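Below is one structure, written out as structure tokens; comments come after it.
The values are calculated or read from the model by the stated rules, or taken from the named source; none is laboratory data. Remember, it's a predicted structure, so these values are computed and weren't measured experimentally. All Cβ positions, glycine included, derive from the backbone under ideal geometry; neighbour counts span all protein chains shown.
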Amino acid sequence: MSDIDQLRRYLHQYPELSGEEHETAAFLARSLQKLEPAQLIEGIGGCGMVAVFDSGHPGPSVLFRTELDALPIQEVNDFDYRSTKENIAHKCGHDGHMAVMMGFARALYHHPPEKGRALLLFQPAEEIGAGAEWMLKDETFDQVLPIDYAVAFHNLPGFPLGTIVCKEGPFSSSVQSLIIRLNGKTSHAGEPENGINPAMAIAEIIKEADIACQPNIEEEGFAILTPVHIHMGEVAYGVSAGYGEIHLTIRTKTEEEMQALSDRLLSYAGRVSQKYGLQLDTEWTNVFRTTQNDPEVAGIIQQAAADNGLEYHAKDWAFKWGEDFGAFTQQFKGAMFGIGAGEDHPALHNPDYDFPDAITPVGIDMYRRILEHLLERTD
């Protein structure tokens, strides 16, 4: 087993949730210091950091992003490097993504860029759609600028092992979650007319969300509105509820479609709350911007796959899931690609998932070749 695989398995044993990746970041920072980057800028947006490998010569600045956080999922695997933490595990493969980045850092230590800069960014809180914004809004991030290109990858169960998956335009969907709070008035359950119960409003809003769904991503107007949590009243059978909450996750292909659908849903919720005499309060959370792949960078990813003798799959449609890397592609010319984790591999976020170490060298070689191509561009 390679030392990079050992590093990945160590990270797998000690996962940390979004925004709490302190030990993970500290461990990686110690490892990076040994590779002598020109700068290691820590504490960006919390646990985020950037290792700068600078040639000292003019040229493009290319950012590569990996994630630090794990998920609140109980692991069911019984291998010797399984998670040591109850109900926390790397079930999206971020441990493997970090291992690829550390392997790439070692490659840069031995073969520094001949011009320009390679910026290796370690991002917290990807799973909740917050860490990218935390980093971008932190004044410390200004030390990293300018950025000419941004690149990231994700492992993809369901695709042949080692296959490179990419496309121009939207790569992952726009995803955000809406909390709808409905305040009414409690009353005796035998005299509901003396109160304001949110039950009918909740039912109508859920029905409207279902009507707005168009789950086929191959067709126009793709939208998935998923009720993920509902709360109303208390388990008190003599009391008619006076408060209710609905939590919905909404998915569209583009930011523009998300805005239109959000406006429609908020307008409907406003009309329904008025109809039933309820006070309405709303909150958006877990916002993932569309990962928009720039055609030039997507083309370079395809060329890098060919250079490395890898099978390439041009995807027709964006993935339905959200990716916090979208916050970077909204600001910088960039692209995300996938690496197949195996057609029969357990799916992401499943309790039996584990990152396949066989694709770690694929990721490292892809990053190396992508950097070489991008550094050939004029800055």
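Scan (1) out of contact with any helix residue (DSSP H, G or I) (no Cβ under 8 Å at 6 or more places or on another chain); (2) under 22 Å from Ala327 (Cα atoms) for the single condition Val235 breaks and write down its number. For Val235, the exception is condition (2).
Can we say Ala327 is touching a residue at least 24 places away in the same chain (Cβ under 8 Å), surrounded by fewer than 17 Cβ atoms within 10 Å (Cβ to Cβ), in contact with a Gly (Cβ under 9 Å, 6 or more places away or on another chain) and within 19 Å of His97 (Cβ to Cβ)?
Numbers: touching a residue at least 24 places away in the same chain (Cβ under 8 Å): yes; surrounded by fewer than 17 Cβ atoms within 10 Å (Cβ to Cβ): no; in contact with a Gly (Cβ under 9 Å, 6 or more places away or on another chain): yes; within 19 Å of His97 (Cβ to Cβ): yes.
Judged against the criteria, Ala327 is not a match.
One residue is enough: does segment 363-376 have a residue meeting the conditions surrounded by fewer than 16 Cβ atoms within 10 Å (Cβ to Cβ), closer than 27 Å to Ser55 by Cα and modelled with pLDDT under 95? The answer is yes, given that some residue of segment 363-376 is surrounded by fewer than 16 Cβ atoms within 10 Å (Cβ to Cβ), closer than 27 Å to Ser55 by Cα and modelled with pLDDT under 95. Counting only strands (runs of 3 or more DSSP E) wholly contained in segment 126-197, the ones carrying 2 or more residues that are in contact with a Ser or Thr (Cβ under 8 Å, 6 or more places away or on another chain) occupy 149-157, 169-172, 174-183.
Which one is nearest to Ala304 (Cα to Cα), of the residues in segment 336-379 that are among the acidic types (Asp, Glu) and in a loop (DSSP other than H, G, I, E, B)? Once the filter is applied, the top-ranked residue is Glu376. Applying the selection to segment 31-64, what residues are over 13 Å from Val144 (Cα atoms) and either out of contact with any helix residue (DSSP H, G or I) (no Cβ under 9 Å at 6 or more places or on another chain) or not assigned by TED's automatic domain parsing to the domain that holds Pro113 (or both)? Across segment 31-64, the qualifying residues are Gln33, Gly56, His57, Pro58. Does segment 109-132 include one or more residues that are surrounded by 24 or more Cβ atoms within 10 Å (Cβ to Cβ), out of contact with any strand residue (DSSP E or B) (no Cβ under 7 Å at 6 or more places or on another chain) and under 30 Å from Leu310 (Cα atoms)? Scanning segment 109-132 turns up no residue that is surrounded by 24 or more Cβ atoms within 10 Å (Cβ to Cβ), out of contact with any strand residue (DSSP E or B) (no Cβ under 7 Å at 6 or more places or on another chain) and under 30 Å from Leu310 (Cα atoms).
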